[in-house]
There are 2 protein chains.
Amino acid sequence: MNNIHDARRLRIGMAQINNTVGDFSGNRQKILKAIKLARSLGVDLLTFPELAVCGYPPEDLLFKPEFITDNLKSLDKIAKESSGIDVVIGFVDDGEKIYNAAAVIHDGKLAGIYHKIYLPNYGVFDEDRYFQAGSECPVFIIDGINIGVNICEDIWYEDGPTKTQAFSGAELIINISASPYHFGKGSVRERMVTARASDNVAIVAFNNLVGGQDELVFDGNGLIVDEKGRLVARGKQFEEDLIIADLDIESVSRTRHNNTEWQKEAALREEQGVLISEKIVISERLLAAKKPKITTGKVEANGFPEEVYNALVLGTHDYIRKNGFEKVLIGLSGGLDSSLVATVAVDALGKENVVGVAMPSQYSSPGSVSDARLLAKNLGIEILTVPIENTYKSYMGIMAESFKNKEPDVTEENLQARIRGNILMALSNKFGWLVLTTGNKSEMATGYSTLYGDMAGGFAVIKDIPKTMAYKLAEYRNSLSGKDAIPASVIEKPPSAELRPDQKDTDTLPPYEILDPILTAYVEEDKSVKQIIDMGFNEQVVRQVARLVDTSEYKRRQAPPGIKITPRAFGRDRRLPITSKFRKY
Amino acid sequence: MNNIHDARRLRIGMAQINNTVGDFSGNRQKILKAIKLARSLGVDLLTFPELAVCGYPPEDLLFKPEFITDNLKSLDKIAKESSGIDVVIGFVDDGEKIYNAAAVIHDGKLAGIYHKIYLPNYGVFDEDRYFQAGSECPVFIIDGINIGVNICEDIWYEDGPTKTQAFSGAELIINISASPYHFGKGSVRERMVTARASDNVAIVAFNNLVGGQDELVFDGNGLIVDEKGRLVARGKQFEEDLIIADLDIESVSRTRHNNTEWQKEAALREEQGVLISEKIVISERLLAAKKPKITTGKVEANGFPEEVYNALVLGTHDYIRKNGFEKVLIGLSGGLDSSLVATVAVDALGKENVVGVAMPSQYSSPGSVSDARLLAKNLGIEILTVPIENTYKSYMGIMAESFKNKEPDVTEENLQARIRGNILMALSNKFGWLVLTTGNKSEMATGYSTLYGDMAGGFAVIKDIPKTMAYKLAEYRNSLSGKDAIPASVIEKPPSAELRPDQKDTDTLPPYEILDPILTAYVEEDKSVKQIIDMGFNEQVVRQVARLVDTSEYKRRQAPPGIKITPRAFGRDRRLPITSKFRKY
């Protein structure tokens, strides 16, 4: 081994940015700011997330030719301002079809392009709808360092581009991602990245997008793992970050040299001629960096429940702000869900931007208004009070003839919820505030909610939070402040919609600690009724829950978007017909 | 040429059925009934549409293992009851992954399987989400006749399976489809099927599904075209049908024998060894049919507007009935849209199953209630009247403090629409009737509608009908009855939401004859603002329309489903982010 190679080091930067779909000029400003900062810090090579130029996922905007052109123009401008630093950045490449692509920029010029090979088309993803899959898997030689670039899904395949590139000589694998958050995904990702690094004896630099986009939250949480599978750096979760690390590239060569298994596999692959990457030389200048030492950031991984809480805060902040709203409006019932949503909103937007509305009726418990007021006081937010009883009576008057000889039923309950929905929407229309809805996943699943009533609003913050998880989040948030934000009485009272005298959720639903695991099995894991009964749940209860889930599809179809938290959220993640006679209960 | 071959004839049947997603037993009953009838009519080979066993599209039901198993069991039962007739039928085949498949049943047994090769993943389709693509393209030899079977999308590709099968000897191509309707698609399909038949010198029997499924209507309209491109039979549009034709298979051999171009191409393909189908012999028995003559159905192709009207009637009927509802409820404003929807509903469900509700306010024109009443009289439907003024005043009372010092604006207009939405939903809850909404595509596109107000309901019948088309449909429907169903005064009055004094749609929107072509260009054709201005439209108007479309995405996301009529409907057909800063106006 020669001495020049011994000195091969690379200062890498990963810009974990929060961009906005379609905001070409805003995104570019953010990108150029990161480039400037990284250059001033002596970064040799700076990466940006998947489709950083245009935002992710752009969905059907990709069908607009102007969108593609604007994206190419923006990439061009970024390249021109990138002299003196190498950049790897996601954009939409144009050809006969379009590609989800990574640009390699060197010396202010576009020096190489990689096209994503594995296009995800499951869960929330629709990439086959838009993109042509790439078929080439090159290794770029930049400043004497062999680099494999690939995109998001590509790295999840053990025998995918990462392996091809590494065994063709790539010492550093750069993966640019837009990998959406769900609870627990961080550790899955870390295990995967660590396995790719150590299995292929390569440094892996995994840069992930951060920010909220409609139903999705991208959590950042970028990772650099060395060729021995050791964590070099971790980016912040749910925050923008610039992660910088000095990489000892020569160490990869040394480790491979001493690793007979790797040598054997590489020789075998070469002999069999399977999947050898084309080498594309971008720059032969050898880096022998003598630079001031930097401190590599190794943020601690977050655990439940703070991770989930932070996802809600970021998702709410970004939906509201990226859609141009300042303030939000929340109906406060004195119950757990609305209290939790108000707390998230305050943490996301500031107390001055959150307005609560108490809307008591004749069926509201005495604690309803007082708990809502106490919550508002604790959070320091404004609260309006609009009693609904007179309006309810007015409806009963105009409906009297149509309803004569009919007993009260769910109609009257829904009407109260809808009057409240109307009041919130009227305030929204008058003042330009967005309404946050407060339904949780257990309710969304079972249809225990009123369409156009408590479901009326622009964003459903805890739509993917099961009720039992909502309790844990409330307790977690209270543990952060010196005193309770959410009053103890709110957490302790039995859940109730308070739409008829002495109503309790358990009049209609099984207790949440039984309901939630059944829902997880049925909705997220596609378990059959029989399988869930075999797990030990009461047969009648399981059948009832399955029936409620199946017959509430029409309600969910008209629900506002909300933040994906679980492995399978309602929305684009789960696409069931409304019209279906597949009923197994 | 020998005499036995000279006699080669096949009586084919195409069962154009209206099945329901997930209704395995109901679908099977329908299928067995068709098999019995076809057998009694001397049919040799009977085809059913794509995924006929389980319904199309099953969406994420395909992730439920029980759904796949039930589908296989059902196919098995069908096969067992199919002795004495050959059947080609769509089902979900199971393996390492699942396939969109066609079963060839002979002698009561599963004799062959074809896996769909081209999986559509654009527009309303998500087949890559579910299915593995097939890779084999056999020719089945049944009773001495060479038959190529393929599925829907497969036949749309000129160089696809049809060509491979035909040039490998297939004389008859059977395509089983679930091809959704849009206006004008019938003639596109007919040109395509005719080209496949004459280009490949093969008889093509194209069997299409019929019926409504959520946003989609399948229009049937099956076709049999002979090897010279001549129409042999056409199935009914928007109705179930059993299409039967006696095919002269030997004529295909003769025509090929005399067609030097076909001979050359076949020889070339054999020489080059490109894409030769495997021959699978299912039955060598030769058919020399001596059967009573049958009359082949050649239904006339429908034109606009009756075709569109019929699509609305079938789509509405099937959504309501397949979801288990008897009656529907429609808010009647005395305007064109609600009158048209009521008329469609009566034609779909019968007058006894449609209830109108007039909900006048202080801003309603005198004609509003009288026109609604006249319409109800013409259609013979019940009409309820629920004035909203008192309830509106009650809201104004409880909101007075919050709204003090604020001028009236769109808030008060929306509130009236929402009171009406609440009344309809209260009647829906009390009596179990489904609410049909009445918004048209021009309104959906521009957001000229109230969320939770006139958008409240279960099914949006004319959601994909531009206003200018709604007028033509009303005139068409009136031309059918001896006297006007929709009063002339309804058609003649200027469109108005009647939510403030003397309001007209043109206060807010450009005239519909200008608006609609701009919307088609922008929404359906992805034309840019600049391109539309260049088409000759006023710049300011185009910019205003583009802004309205872009900023109304959040409303559309919470709209009820409705029937796809145009090449690109709102809904699963057009997937745009709500959060987007791509604004080019």
- Message: Quick query: amide H of A:Val461 versus all other amide H atoms, modeled in the peptide plane; which residues come in under 5 Å with a sequence gap of 5 or more or a different chain?
- Response: A:Thr437
- Message: Which log10 I(q)/I(0) values does segment A:1-114 give at q = 0.16 Å⁻¹ under the Debye formula, counting every alpha carbon as one identical point scatterer?
- Response: -0.69
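Averaged per residue, what accessible surface does the protein assembly as shown expose to a 1.4 Å probe, in Å²?
37 Å²
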- Item | Simple spin-label estimate for A:His257 and B:Arg39 in nanometres, 7 Å along Cα-Cβ | 7.9 nm
- Note on the structure: log10 I(q)/I(0) for segment B:464-585, Debye formula on C-alpha points only (no solvent), q = 0.09, 0.10, 0.21 Å⁻¹, two decimals, reads -0.32, -0.39, -1.35
- Amide H partners (placed H, <5 Å) of B:Arg11, local residues excluded: B:Asp44, B:Leu45, B:Leu247
- Task: Quick one: compute the contact order of chain B, relative version, from alpha carbon pairs under 8 angstrom and 6+ residues apart, as a percent.
- Result: 12 percent
- Residue by residue, what Karplus-based ³J(HN,Hα) values in Hz, rounded to whole numbers, does segment A:385-399 have, using 6.51, -1.76 and 1.60 with θ = phi - 60° and x for Gly and Pro? 10, 10, x, 9, 4, 5, 5, 4, 5, 4, 4, 4, x, 6, 8
- Take every residue in peptide A:550-561, count the Cβ atoms of other chains within 10 Å of its Cβ, and give the average of those counts. 4
- Task: For peptide A:391-403, compute the average count of partner chain beta-carbon atoms within 10 Å of each residue's beta-carbon.
- Result: 6
- Message: Looking at chain A only, what percent of DSSP beta bridges run antiparallel? Nearest 5 please.
- Response: 50 percent
- Message: What whole-number distance in Å separates the alpha-carbon centres of segment B:302-380 and segment B:162-202?
- Response: 38 Å
- Probe 1.4 Å - accessible area at B:Asp248, Å² to nearest ten: 50 Å²
- Query: Taking the label point as lying 7 angstrom from Cα along the Cα-to-Cβ axis, what are the distances from B:Gly367 to the corresponding position in the remaining copies, in ascending order and in nanometres?
  - Reply: 5.8
- Protein-only accessible surface order, largest first, of A:Arg500, A:Arg28 at 1.4 Å: A:Arg500, A:Arg28
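Per-residue mean of other chain beta-carbon atoms within 10 angstrom of the beta-carbon, peptide B:417-425?
5
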- Query: What is the sum of charges around B:Glu158, taking Lys and Arg as +1, Asp and Glu as -1, for the other residues whose C-beta is under 9 Å from the C-beta of B:Glu158?
  - Reply: 0
- Put a dot 7 Å past each Cα toward the Cβ at A:Phe304 and B:Glu300; how far apart are the dots in nm? 6.6 nm
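Leaving ligands and nucleic acids out of the surface, order A:Lys581, A:Lys73 by accessible area at 1.4 Å, largest first.
Greatest to least solvent exposure: A:Lys73, A:Lys581.
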- Query: Packing-wise, with mean Cβ within 10 Å as the measure, how do A:455-466, B:308-319, B:97-108 rank, highest first?
  - Reply: A:455-466, B:308-319, B:97-108
- Item | Listed residues B:His257, B:His115 arranged by accessible area, highest first, probe 1.4 Å | B:His257, B:His115
- When you take every Cα atom in the protein assembly as shown, what is the radius of gyration, and what is Dmax, the widest Cα pair distance, in Å? 32.0, 98
- Query: Roughly how much of A:Ser489 is accessible, in Å² to the nearest 10, using a 1.4 Å probe?
  - Reply: 50 Å²
- Query: Modelled label-to-label distance, B:Ser370 and B:Lys351, 7 Å Cα→beta-carbon offset: nm?
  - Reply: 2.2 nm
- Note on the structure: 1/(1 + (r/R0)^6) with r = Cβ-Cβ of A:Glu96 and B:Met192, R0 = 25 Å, i.e. FRET efficiency to nearest 0.05, evaluates to 0.65
- Task: Provide an ascending nm list, one decimal, of label-point separations from B:Arg191 to the equivalent residue in each further copy; define each label point as 7 Å from Cα along Cα→Cβ.
- Result: 5.5
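With the full set of protein chains in place, find how many percent of the accessible area of the protein assembly as shown is carbon and sulfur; take the probe as 1.4 Å.
50 percent
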- Local electrostatic count, A:Ala197, Cβ distance below 9 Å [Lys/Arg +1, Asp/Glu -1]: 0
- Message: Run the label-point distances for B:Gly380 please: 7 Å along Cα to Cβ, every other copy, nanometres, shortest first.
- Response: 7.0
- Task: Let me have the 222 nm mean residue ellipticity of the protein assembly as shown computed from DSSP H runs of 4+ only, each contributing -39500 (n - 2.57), with the sum over all residues rounded to the nearest 500.
- Result: -11500 deg cm²/dmol
- Query: Tell me, what is the FRET efficiency for B:Phe431 and B:Glu239 to the nearest 0.05, using R0 = 41 angstrom and their Cβ-Cβ distance as r?
  - Reply: 0.85
- The A/B contact buries a total accessible area, at probe radius 1.4 Å and rounded to the nearest 100 Å², of 7400 Å²
- Item | Amide H contacts under 5 Å for B:Met455, placed H, 5+ residues apart | B:Thr450
- Message: Please compute, over every Cα-Cα pair in chain B, the percentage with a separation greater than 39 angstrom.
- Response: 37 percent
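Find out how many positive minus negative residues lie around B:Asp94, taking Lys and Arg as positive, Asp and Glu as negative, among other residues whose Cβ is under 13 Å from that of B:Asp94.
-2
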- Message: Solvent-accessible area of B:Lys33, probe 1.4 Å, all protein chains present, reported in Å² to the nearest ten, please.
- Response: 150 Å²
- Surpassing 24 Å at the alpha-carbon level, of the pairs A:Lys393/B:Lys406; B:Lys77/B:Lys291; A:Lys73/A:Lys109; B:Lys73/B:Lys116; A:Lys279/B:Lys97; A:Lys33/A:Lys228, are A:Lys393/B:Lys406; B:Lys77/B:Lys291; A:Lys279/B:Lys97; A:Lys33/A:Lys228
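The values are calculated or read from the model by the stated rules, or taken from the named source; none is laboratory data. Please read all numbers here as calculations on a predicted model, not as lab measurements. Here Cβ is always computed from backbone atoms with ideal geometry, including for glycine, and neighbour counts include all displayed protein chains. Ligands, DNA and RNA are stripped out before the accessible areas are found, and what is left, the full protein with its side chains, is counted by its heavy atoms. Shrake-Rupley method; radii C 1.70, N 1.55, O 1.52, S 1.80 Å.
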